[in-house]
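What follows is a short report on a single structure.
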Amino acid sequence: MTHKIAISGSTIMSDTSLFHELFIDETSHIEIGEFENEDAYQHFLGKIKSSNKSFSLHSPLFRKDSKYDLIEFVQFEPDKAWIQFENEVMRMAQAGAAYILVHFPYFQDESKDPNTLIEEGLQRLSLLQTKYNLPIVCEPKLGMWKSTKGIEYLHNFPVSVWKKYGLKLCIDIGDYLLAAAELSVNPPELIQKWQEHIKVVHLHNIEFIEGKYIWIPIHPSHEEDDVYFPVKEILSFIAKRNNIYWVLEHTPHSRPKKDFVKEGIQWLKKDILKIE
């Protein structure tokens, strides 16, 4: 069984001055996006080339660009978002990225014909994946005001249709835990039919602060403290599959201590992935 432990640029908010914090011994892969500018991206590429780590892009490449617009207008017209994304796929293929990850399907809220919109997007993504010979990983997300519609629409989408386009999925643990709680279902129920298509897992727990929430590191102390979501069940369920990138995607807002993060990694490796 081959798994990769990875870290996300979210842990430093893609701050150029903190790139060195992504090159830690406990991980072998870096997933990053939203660079400040071209110079920052080139600086990161230089560091990757002189390291022993692989990397992938979490679209968008640059902070000012489209993140959610492939299906419907959020901040950009979809036509512009598709042009941007194809350019990113081309650049990542040239740079030797392991994959490119994009927020898809993303719906702000209700949609009249989600299955058609999802399949149209899959067709275009599949063509790009073939054209540039680069794996594309789709990350379904909560919508506006934590709307679960996008995750529900994917949950109800025919897996046979998804399969014919050859695209992989990313399960964002935080989004799926929130969606499962809202829908009053057990988290594995939302991903069971998609197991063979999962390539990436975004790892974090959730801390609620005055009606808002932030991503915090996974840690075994959360499993029975009645404060945070227990995550072992959903992680163990996904871990039945091989060759998954397990990406630490907490943010710096809670100022997690390095030892706390490392304890979470060791717990993941030993208790979830059974890696000694």
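The values are calculated or read from the model by the stated rules, or taken from the named source; none is laboratory data. Keep in mind that what you see is a predicted model, and the values were worked out from it rather than measured. All Cβ positions, glycine included, derive from the backbone under ideal geometry; neighbour counts span all protein chains shown. Heavy atoms of the whole protein, side chains included, go into the accessibility calculation; ligands, DNA and RNA do not. Shrake-Rupley method; radii C 1.70, N 1.55, O 1.52, S 1.80 Å.
When Glu26, Glu224 are compared by accessible surface with a 1.4 Å probe, the order from highest to lowest is Glu224, Glu26.
Of Met90, Met13, which has the most accessible area with a 1.4 Å probe, and how do the rest follow in descending order?
Numbers: Met90 65, Met13 95 Å².
The ordering from most to least exposed comes out as Met13, Met90.
Applying 1/(1 + (r/R0)^6) with r as the Cβ-Cβ distance of Arg124 and Asp225 and R0 = 30 angstrom yields a FRET efficiency of 0.10. Grab the beta carbon distance between Met90 and Asn52, set R0 = 22 Å, and tell me the FRET efficiency rounded to 0.05. Rounded to the nearest 0.05, the efficiency is 0.30.
Suppose R0 equals 22 Å; then what is the FRET efficiency for Val159 and Glu110 from their Cβ-Cβ distance, rounded to the nearest 0.05?
Values: r = 22 Å, r/R0 = 1.02.
It comes out at approximately 0.45.
Spin-label pair Tyr213-His43: with each label point 7 Å from Cα along the Cα-Cβ axis, the two points sit 3.3 nm from one another. The separation of the range 123-147 from the range 149-180, counted between C-alpha centres, amounts to 11 Å.
How many times 2.2 N^0.38 Å is the alpha carbon radius of gyration of the range 4-272?
Numbers: Rg = 17.6 Å, N = 269, 2.2 N^0.38 = 18.4 Å.
For the range 4-272, the normalised Cα radius of gyration is 0.96.
With the full set of protein chains in place, find how many percent of the accessible area of the range 1-88 is carbon and sulfur; take the probe as 1.4 Å. Roughly 49 percent, rounded to a whole number. Shown are Trp215, Trp145, Trp82, whose ranking by accessible area with a 1.4 Å probe and every protein chain present, most to least, is Trp145, Trp215, Trp82.
Taking the DSSP beta bridges in the range 4-272 as the whole, what percent of them are antiparallel, to the nearest 5? List each step's numbers first, then the result.
Working: 5 of 33 bridges.
The antiparallel proportion sits near 15 percent.
Note that the range 73-162 presents 48 Å² accessible area per residue, ligands and nucleic acids not counted, probe 1.4 Å. Helix screen, the chain: DSSP H segments with Cα axial length of 20 Å or more and mean Kyte-Doolittle hydropathy at least -0.5 are 114-132.
With n ≥ 4 as the cut-off for DSSP H runs, can you work out [θ] at 222 nm for the chain, using -39500 (n - 2.57) per run divided by the number of residues, rounded to the nearest 500? Kindly include the intermediate steps, with their values, before the conclusion.
Values: 8 runs with 90 residues, N = 276.
Result for the chain, helices only: -10000 deg cm²/dmol.
From the C-alpha coordinates alone, can you work out the Kirkwood hydrodynamic radius of the range 173-276, in Å? All intermediate terms of the calculation are to be shown ahead of the outcome.
On the way: mean 1/r = 0.0703 Å⁻¹.
After inverting the pairwise mean of 1/r, the radius is 14.2 Å.
Placing unit charges on the Cβ atoms only, positive for Lys and Arg and negative for Asp and Glu, gives the chain a dipole magnitude near 940 debye about its Cα centre. Ordering Ile191, Ile234, Gly174 by Cα displacement along the dipole of the range 149-236 toward the positive end leaves Ile191 in first place; charges were set at the Cβ atoms of Lys, Arg (+1) and Asp, Glu (-1).
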